[in-house]
Amino acid sequence: RPPTLLLLLIFSLAHARADRLVQVQVVTRHGARTPLVKTSETLLEGGSSLTPLGEKQHYDLGGWLRSRYFTQERGYPLYDPARVKIRSSAFDRTIVSAQSLALGLFPAQSRNSNVTGESLLPPNVSRANIPVFTKDAVDDVEIRAYANCPAFHQSLANLYESPSFKAREQDHIALLQKLGEEPTFSSFSQTDSDGKNYVPLSQVWNAFDAINVAKTECEPSAENPVCKSLPDPNVRNLLSQQQWLELSELSHTAEFLKYGPANAGSMLGANLLFSILSGMKTALRGEGQRPSWIVYSGHYPTLLGMFSALNTYDSNQVLRNESIPNYASALIFELWESSQNSDVYARMMYKEGLQQNVKNLSFGEICQNRIKCPLISFENGLLNSIKESDASSWCGVCENKNSSVCLRTLESESTCKEEENDVSTAVALSIFGGILAGCVLGSVGCFCILSCIRRQQRGKNEKILSVQEQGSVGSVVEEQKVGEVGELGLEEVQL
């Protein structure tokens, strides 16, 4: 008996219904790319392309996601366009990253289905039937909110002029002067009062990026075609190992100061977080047991903006150490349905670049530092902690007057004001019209009364004259009584 009961218990535990995965949303940084120079104040940038290494990084990320979520128990589903959406910023490096990730997530054998049909391409050619959706750069207020927020750009300008930022620059002036001597960095170098060139701290990212790209592409092999195509492949050898570590730490710190909670607040991550929340709520209305997928292919400021909006740095120290997320890093949001009571909760994880392990993240103060956050708590936490909870408020806080969503908001507000003005004008005209009509009617009434009085007065005068002609004073007195004011008043009311 006891062994039988034990076996039954083990069997029941093994077959207990697990929580159901409803949805996976992934926000990524693009893969390795060619060098990129951007302005420090407005974050305008030049062109940059994903390299073969970057393609491989995102293909591997897609494969990692597939192996994690498409287990034997859940099955290896075929691609279904109704359950998968991939969005990207409108740049080469992010679009190709998204396409590469899709190849790993949904390889060739998973792209034929009853929905998409059978491929007519040669057997060795993978179908390109997974679309990547983009918006014009000026309209991208989710993935690239940081580039479309003038208020944030002004905040950057103020940061660069702050005493603490200037002091940090002076603490590393020797390194910055060494960078300023390099001709490759002359376009963003400045000259100090002693006539020495240096790279200001506000521009240090550009120098870091050029060296980092050269190290990434050239150190495996200097014969790499991408390495040979770089503006200056030898810049990778400019600094000693110690100087390179100093530059890396300084660059990470500078980016954290730019995009961290103190300077960026929730301006840069609010829109994307509310889109993710909306995606979760939509998924709950869906049908079927397979999880739905949404992928956002973005940039490292995309991730930093979300960390700042959630203000999760204090509860997740690992994020502070990775101020510039590595290529192909991923922030993952999972939506689960409990098997016990059908409650729905979210989980958040972070995969740093090529690392195979994933780190569970706390949701911070918006969900009482929980790792499993009930969806209703996630929603209320966002609404209570983020003031830019809709397009209108975000456009106002960011002072954006160019993006389509902000233009529509301005047009709507203008229309409302016009309608209010029209109503006010109509009310005023009605009041004025009423007064005018009253005056007209009053004038007509007054004219009628005066005409009547004149007629009566003429009649009395005629009678008086007639009495005078007859010499009868008593009759005159009698006629005057008949024409007293009291009776005229009554006649006036009757009119």
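The values are calculated or read from the model by the stated rules, or taken from the named source; none is laboratory data. Just so you know, these numbers come straight off a predicted model, no measurement behind them. Neighbour counts are summed over all protein chains in view; Cβ atoms, including those assigned to glycine, are modelled from backbone coordinates with ideal geometry. Just so you know, the surface numbers come from the protein's heavy atoms only, side chains and all, with ligands and any DNA or RNA stripped out. Shrake-Rupley method; radii C 1.70, N 1.55, O 1.52, S 1.80 Å.
Some notes on this structure:
- Ratio Rg/Rh, restricted to segment 122-193 and using Cα atoms, in which Rh is the Kirkwood radius: 1.26
- With 5 Å bins from 0: P(r) over segment 26-176, alpha-carbon pairs, percent: 2, 8, 13, 16, 15, 13, 10, 8, 6, 4, 3, 2, 1
- Carbon and sulfur %, accessible surface of segment 135-256 computed with the full protein complex present, 1.4 Å: 47 percent
- The residues of segment 23-104 expose on average 38 square angstrom of accessible surface per residue, using a 1.4 Å probe on protein heavy atoms.
- Convex hull of segment 353-393 built on C-alpha atoms - directionally averaged projected area, nm²: 4.2 nm²
- Alpha-carbon gyration tensor eigenvalues x 5, square-rooted, for segment 90-232, Å: 44, 23, 11
- Taking amide hydrogens as placed 1.01 Å from N in the peptide plane, the amide H of LEU361 sits under 5 Å from those of MET348, MET349, TYR350, each at least 5 positions away in sequence or on another chain.
- Normalised by 2.2 N^0.38 Å, where N is the number of residues, the C-alpha radius of gyration of segment 219-309 stands at 1.65.
- As a rough guide to protection, the peptides 275-282, 202-209 ranked by mean Cβ packing within 10 Å, highest first, stand as 202-209, 275-282.
- Percentage, to the nearest whole number, of Cα pairs in segment 316-384 over 16 Å apart: 53 percent
- P(r) tail, segment 67-143: Cα-Cα pairs separated by more than 19 Å, 44% of all pairs.
- Each peptide in 119-126, 181-188, 329-336 was scored by the mean count of other Cβ atoms within 10 Å over its residues; highest first, the order is 329-336, 181-188, 119-126.
- In segment 206-313, GluC sites (Glu not before Pro) in a DSSP loop with at most 13 other beta-carbon atoms within 10 Å: GLU223, GLU287
- Euclidean distance between Cα centres, segment 249-277 to segment 82-129, Å: 31 Å
- Rounded to the nearest whole angstrom, the semi-axes of the ellipsoid equivalent to segment 259-307, taken from the Cα gyration tensor as √(5λ), stand at 27, 11, 6, largest first.
- Percent RCO, i.e. relative contact order, over segment 202-304, from Cα pairs under 8 Å lying at least 6 residues apart: 24 percent
- For segment 229-377, alpha-carbon Rg over 2.2 N^0.38 Å: 1.23
- Among the lysines of segment 290-405, pairs that are 8 or more positions apart or on different chains and have alpha carbons within less than 28 Å of each other number 5.
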